[in-house]
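Peer 1: There's a structure below that I have some questions on.
Bear in mind these aren't lab numbers, they're just calculated from the coordinates by the rules spelled out. Note that the coordinates shown come from a computational prediction; the quantities given were computed from them, not determined experimentally. Cβ coordinates were reconstructed from backbone atoms using ideal geometry, including for glycine residues, and neighbour counts include every protein chain displayed.
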Amino acid sequence: MSLKQNLPKASWTLTKIAVGGIVLTGLAVATVAYAQSKPLPTVERVELDKYLGVWYEIARKPMYFEKQCAKDITATYTLNENGNVTVDNRCYSKDGVLKQSVGEAFVENPPFNTKLKVSFLPEAIRWVPVARGDYWILKLDENYQTVLVGEPSRKYLWVLSRTPELSEDVLNEYLSYAKSLGYDLNDIIRPQHTLK
């Protein structure tokens, strides 16, 4: 007798659903694993002068250094006297307390400017090339209004916008692209913006 003949009709239907779910889960895991095995591509080129300014965090993957950030998360980039980029990250905690972290970004691949290393060490020792995080520009619209930023291990990810609000269509476009690169988006955080 076959397995189908030994099971009641409802049980056979549930068995088919369970097997189908296992197969689909396996395919999804294999697809993500394949995407993660490929090198992480960046945009072709970034004009730093157009990239400078204020960006609002629209979505991100969880990370320990933003765990106290609940709302109104921004990053402001300015060119400093060393020719590097000053990074001024600000956010508010759930209790409304302003948190600020100032660092420096170093371009790793001039003149393309698509891969940076960011350090939040004290200013006097930032020149030491340790404890620098990858900041790769993965997708950027031609008007420099929306950007997808990540790093090679695919642990961290940000969608940033020039405005505190971003349409769902644009956000989904950027997150779909991230997913195609092998990012797991099950833990995406979307902070609130109350300051306009």
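Peer 1: Taking only the C-alpha atoms, wrap a convex hull around region 48-181 and report its volume per residue in Å³ as a whole number.
Peer 2: On the way: hull volume 15.8 nm³, N = 134.
Normalising the Cα hull of region 48-181 by residue number yields 118 Å³.
Peer 1: While we're here: Suppose the chain between E168 and E123 were pulled fully straight at 0.36 nm per residue; how much longer would it get relative to their current alpha carbon spacing? Can you show the working numbers first?
Peer 2: Working: separation 45, 0.36 × 45 = 16.20 nm, distance 3.83 nm.
Length gained between E168 and E123: 12.4 nm.
Peer 1: Would you be so kind as to identify which of Y135, T78, L52 lies farthest towards the positive end of the dipole of region 48-181, taking Lys and Arg as +1 and Asp and Glu as -1 on Cβ and the Cα centre as origin?
Peer 2: Value computed over the given set: Y135.
Peer 1: Quick one: dipole size for region 48-181, taken about the Cα centre, charges +1 on Lys/Arg Cβ and -1 on Asp/Glu Cβ, in debye to the nearest 20. Can you show the working numbers first?
Peer 2: Working: 17 positive and 18 negative charges, 103 e Å.
The calculation lands at about 500 debye.
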